[in-house]
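The values are calculated or read from the model by the stated rules, or taken from the named source; none is laboratory data. Predicted, not measured: the structure shown is a model, and the values here were computed from it. Cβ placement follows ideal geometry from the backbone for every residue including glycine, while neighbour counts extend to all protein chains displayed. Remember, those area values only see protein heavy atoms, side chains included, never the ligands or the DNA or RNA. Shrake-Rupley method; radii C 1.70, N 1.55, O 1.52, S 1.80 Å.
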Amino acid sequence: MIYLDYQATTPLAPEARDAMLRWLGGPESDTFGNPHSPHRMGRMAAAAVETARERIAALLPGGGRVVFTSGATEAINTVIQGTPGDVVTFATEHAAVLDCRRVVEAQGRRFSVLPVTPDGRADVSAMADHVTSSTGLVAVMAINNEIGVRNPLNAVVDIARQVGAKVLVDAVQAYGRVPVEVAADFIAISAHKCHGPKGIGALWVRDQVVVAPLLLGGGQEAGLRSGTLSPALCAGFGAAAQVAEEGLSAQMFHVEHLWNKAREAFADWELNGSAVDRWHGNLNIRKDGLDVARLMSDCRSVMFSAGSACASGSGRPSHVLRAIGLSDPQAKSSIRLGFGRYTSLRDIADAAAIINAAVREQGL
């Protein structure tokens, strides 16, 4: 099988798997301790957690702290629900942001969803016209999970600062793939999008910034996120981050080669989103009239997507593609190909041959 769905999840790095195995200890081992316990086994587990925290922080800005969560969804919900003031965001954001609208409005706060430009980037002009002194938080993606478009983060931060608002950056698709260099207050990341394990993510919080906790209990993670941490998941995340940091330039160079090959192989398809301001590990393309469900059935050896994995099976057109002006039929005739560290040029060529042959069978 050929895996081209890197936006949904990434293969677990061997280094991450090996790091995790040590902390999946059985009764004969000394590595199953609770990292919050004061005895020797607990301290050993806590040391592994802190080593992972340092490795994860190395790919994030200085002047902040890393708080472990169950994933980016929890990190995003923590910030949106725990930061006072009105919330401003954009139409192409992930459901983890957009679906917080109900709870924010139930708290008596405004939740505004602003448009994006036709190429899929956050409309900073609309934002400048909309934010006020009552705006408490602006939530924006670094890289869109469906179309790969990169948002103008510096401009968003500058406008937010003018009214004293804080900024939450969803860096799930950026972390471990490109440098995350933005003067945000919060950054949400997820391990399984950068070759780490599923079930763990993190929230980076700028020093001196306060947010109310979403989960209450034992007061772990400096009181911001209660719950016993898994040393195995933390260690796997940390190892994946270390591999990403050490090979970041090489991975970006490799993805450029894959992008050039994919663009050539799908040259007669229409590109969705900006051709310039985007992460080149995401190719979202369309052919008008394409029956995507039939295409996926005919190409079972190629793992690709018709949109976000979180919304798969809903039958609804992508809210991201509709936000950039595509009609429902155009949105439903689009596919997303995602590739990265473990994808080969042969994978791209073979997948293109299979997909294009299936498209010709539909008479397109």
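Structure notes:
- Test for Gly85: is it on the phi > 0 side of the Ramachandran plot and either over 20 Å from the mean Cα position of the chain (by Cα) or aromatic (Phe, Trp, Tyr) (or both): yes
- Scoring Gly281 on the criteria (1) in contact with a helix residue (DSSP H, G or I) (Cβ under 8 Å, 6 or more places away or on another chain); (2) over 20 Å from Asp347 (Cβ atoms); (3) surrounded by 21 or more Cβ atoms within 10 Å (Cβ to Cβ) leaves a single failure, condition (2).
- Selection status of Ala155, open to solvent by 20 Å² or more (accessible area, probe 1.4 Å), under 30 Å from Arg286 (Cβ atoms) and of a type in the set (Gly, Ala, Ser): yes
- The criterion of at least 2 residues that are in contact (Cβ under 8 Å) with a residue 24 or more places away in the chain is met by the following helices (runs of 4 or more DSSP H) wholly inside region 1-111: 14-21, 40-57, 72-82, 95-98.
- Close pairs from region 234-259: first under 18 Å from Pro179 (Cβ atoms), partner assigned to a helix (DSSP H, G or I), Cβ under 6 Å, at least 6 apart: Ala240/Ala16; Ala241/Arg55; Ala241/Ile56; Gln242/Arg55; Val243/Glu15
- For region 38-80, taking the residues that are touching a helix residue (DSSP H, G or I) at 6+ places or on another chain (Cβ under 8 Å) and of a type in the set (Ser, Thr, Tyr), the one that is farthest from Thr9 (Cα to Cα) is identified as Thr51.
- Members of region 327-364 found to be open to solvent by less than 30 Å² (accessible area, probe 1.4 Å) and under 23 Å from the mean Cα position of the chain (by Cα), listed by number: Ala331, Ser334, Ile335, Arg336, Leu337, Gly338, Phe339, Gly340, Thr343, Ile348
- Single residue of region 205-229 satisfying the filter (within 30 Å of Asp18 (Cα to Cα) and surrounded by 14 or more Cβ atoms within 10 Å (Cβ to Cβ)) that is farthest from the chain's Cα centre (by Cα): Gln220
- Members of region 55-79 that are within 21 Å of Phe32 (Cα to Cα) and either open to solvent by 50 Å² or more (accessible area, probe 1.4 Å) or hydrophobic (A, V, I, L, M, F, W, C) (or both): Phe68, Ser70
- The set of residues in region 165-179 that are touching a Phe, Trp or Tyr at 6+ places or on another chain (Cβ under 8 Å) and in a loop (DSSP other than H, G, I, E, B) comprises Gln173, Ala174, Arg177, Val178.
- Here Gln242 clears all of (1) closer than 21 Å to Met1 by Cβ; (2) polar (S, T, N, Q); (3) open to solvent by 20 Å² or more (accessible area, probe 1.4 Å) except the condition numbered (1).
- Checked across region 337-351, the condition of being more than 18 Å from His254 (Cα to Cα) and either touching a Gly at 6+ places or on another chain (Cβ under 8 Å) or not in a loop (DSSP other than H, G, I, E, B) (or both) holds for no residue.
- Meets criteria (assigned to a strand (DSSP E or B), hydrophobic (A, V, I, L, M, F, W, C) and buried (at least 24 other Cβ atoms within 10 Å of the Cβ)) for Ala202: yes
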